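Contents: one structure, followed by commentary.
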Amino acid sequence: MSWCVLKPFNASLINVGAVRNRIPFAIGGIGCASVVATGFWRQCCSNRLTTPPFASLNTCTFPPQKEAVKTDKAPAALGPYSQAIKSNNLVFVSGVLGLIPETGKFVSQDVEDQTEQVLKNMGEILKASGSDYSLVVKTTIMLADLKDFKKVNDIYANYFPAPFPARSTYQVAALPLDAKIEIECIAELPQKVEPQPLSHT
């Protein structure tokens, strides 16, 4: 939602008497708060305008820029969802499993192997979006067995540099395809810096 305020200005009236019984005008804009000038208000009052001018307060929201991320270097989505979605300056990565992209099969039934594969797959999705592990701000880990937490944590620490992202970890009743682990994340996108013109002194 965007707002702006127009600065007061002095406006000269052509014929206040002619507009005395008409609806006063206001200055308005889409997504703006527009205020009629103080000088105009005083002129209206001095000419006994029966209906005071009013301020127009209009708001509007602009649809966020939403773009799907897709890469063949990570497992394809298993349902009606995207591998990730870019929206404004963030990328939202869907839950990732320890599947081999080329075969769609688990790398193994070992939680450590699946964790490594999950994080490799996540790295490819982040790369395809234009982000990377250093820009991840939040992760969510879902485990079939919370007793595997230490094994997962040791591998996880090798992928995320400090300051580490915020994180939640849960044991769940079941995961898709009877996976041992699933991880999703939210990451920032690099901000583009516009080059500044050189100043000549």
Query raised in the report: Using a 1.4 Å probe, how large is the accessible area of K105, given in Å² and rounded to the nearest 10?
Result: 130 Å²
Query raised in the report: For the pair A174 and I85, how long in nm is the line joining their label points, each one 7 Å along Cα→Cβ?
Result: 2.6 nm
Requested in this report: Over segment 59-201, calculate the relative contact order: mean separation of alpha carbon pairs under 8 Å at least 6 apart, over the residue count, as a percent.
Outcome: 28 percent
Query raised in the report: Under a straight-distance cross-link criterion of Cα-Cα below 18 Å, which lysines are reachable from K150, leaving out those fewer than 8 residues away in the same chain?
Result: K180
Report summary line: With all protein chains in place and a 1.4 Å probe, T103 shows an accessible area in Å² (nearest 10) of 80 Å²
Query raised in the report: Within a Cβ distance under 11 Å of G95, other residues only, what is the Lys/Arg minus Asp/Glu net charge?
Result: -2
Report summary line: Residues other than A187 with Cβ under 9 Å of its Cβ, Lys/Arg counted +1 and Asp/Glu -1, net out at -1
Report summary line: Total charge of the residues flanking P163 in space, meaning their Cβ is under 13 Å from its Cβ, with Lys and Arg +1 and Asp and Glu -1, is +1
Query raised in the report: With all protein chains present, how much of the accessible area of segment 86-201 (probe radius 1.4 Å) comes from carbon and sulfur, to the nearest whole percent?
Result: 54 percent
Query - Pairwise FRET efficiency - T103 versus V137, Cβ, R0 = 45 Å, nearest 0.05 - result: 0.90
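The values are calculated or read from the model by the stated rules, or taken from the named source; none is laboratory data. These figures come from a predicted structure and were not determined experimentally. All Cβ positions, glycine included, derive from the backbone under ideal geometry; neighbour counts span all protein chains shown. Just the protein is used for accessible areas: all its heavy atoms, side chains included, with ligands, DNA and RNA removed. Shrake-Rupley method; radii C 1.70, N 1.55, O 1.52, S 1.80 Å.
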